[in-house]
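One structure is given here, and the rest of the page talks about it.
The values are calculated or read from the model by the stated rules, or taken from the named source; none is laboratory data. All values reported here derive from a predicted model rather than from experimental measurement. All Cβ positions, glycine included, derive from the backbone under ideal geometry; neighbour counts span all protein chains shown. Just so you know, the surface numbers come from the protein's heavy atoms only, side chains and all, with ligands and any DNA or RNA stripped out. Shrake-Rupley method; radii C 1.70, N 1.55, O 1.52, S 1.80 Å.
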Amino acid sequence: MRVVRGRVGSVSADRDATRELLDEVGDSGEPVVRVWAPHRQVAFGRRDAREDGFEGAAAAAHDHGFEPVERSVGGRAVAYDGETTLAFARITPHEDMRLGMDERYESLTTDVLRALRELGVDATRGEPADSFCPGQHSLQADGKLVGIAQRVTKGAAITSGICLVANHDELAAVLEDVYQALGVPFDPASVGSVAKAGGPADPDVVRETLEAALVGDAETTVERLRS
């Protein structure tokens with residue numbers, strides 16, 4: 001299994017790097033794990049981009065110092081502070097696009113739960129009402145702190161998510177203005193983090209623990225992305 005660390009120099013280039021990893025897994029059949037802190041941004045889903053208030057929401061993100069970007073998948077807006085908000089992904093090969101989705105969700109969710117408990121966070125499945133980017137595959141502990149999604153392409157699937165480590169007050173503030181502009185219900189008190197739930201506020205500690213959980217017992221080769 002390849003373990004890929006770091007990020008490249010811009011939001012768009014970093015997203016391209018993940019897409020390239022997905023293509024590489026489809027070609028090689030070798031799984032990849034990546035856990036990193038994306039650049040400071042609010043990532044809007046396709047549903048957001050169709051809302052009448054999208055331009056106002058993007059302006060609100062910009063006013064808070066977050067770059068507004070559109071992602072190619074569905075879901076609602078998520079915010080990364082550039083330092084303590086982590087993204088994580090496990091990219092695995094498959095032989096049939098129609099099979100394995102539930103198993104991949106369950107496997108990743110179980111591994112992330114284990115990592116959080118090692119960090120002292122007793123997280124459970126689910127999310128509070130009016131959370132950011134509401135979805136079926138979420139984890140909560142004194143607020144939502146993890147959301148998980150999946151994308152399947154020919155030859156490979158990426159099961160990935162966001163983990164809020166700290167800085168939940170700033171993230172709640174920008175998301176409150178963004179969701180208000182979109183006209184989507186949102187409760188800023190629903191935003192959690194590892195630190196808020198009693199775990200460490202150090203993103204490096206959380207990254208290392210998440211990475212180890214996603215790798216499991218697999219033999220690894222480690223590489224670092226470069227700008």
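Observations on the model:
- Hits in the range 78-108 (condition: more than 22 Å from residue 45 (Cα to Cα) and of a type in the set (Ser, Thr, Tyr)): 92, 107
- Matching residues in the range 102-131 - criterion: being out of contact with any Lys or Arg (no Cβ under 6 Å at 6 or more places or on another chain), open to solvent by less than 10 Å² (accessible area, probe 1.4 Å) and part of a loop (DSSP other than H, G, I, E, B): 121, 123
- Filtered residue count, the range 8-28, keeping only those that are more than 18 Å from residue 66 (Cβ to Cβ) and open to solvent by 40 Å² or more (accessible area, probe 1.4 Å): 7
- A count restricted to the range 172-203 and to residues that are closer than 20 Å to residue 65 by Cβ, open to solvent by less than 10 Å² (accessible area, probe 1.4 Å) and in a loop (DSSP other than H, G, I, E, B) stands at 1.
- Residue that is farthest from residue 20 (Cα to Cα), among those in the range 204-227 that are of a type in the set (Ser, Thr, Tyr) and not in a loop (DSSP other than H, G, I, E, B): 209
- Within the range 70-95, the residues that satisfy the criterion of being among the hydrophobic types (A, V, I, L, M, F, W, C) and buried (at least 17 other Cβ atoms within 10 Å of the Cβ) are 77, 78, 79, 86, 87, 88, 89, 91.
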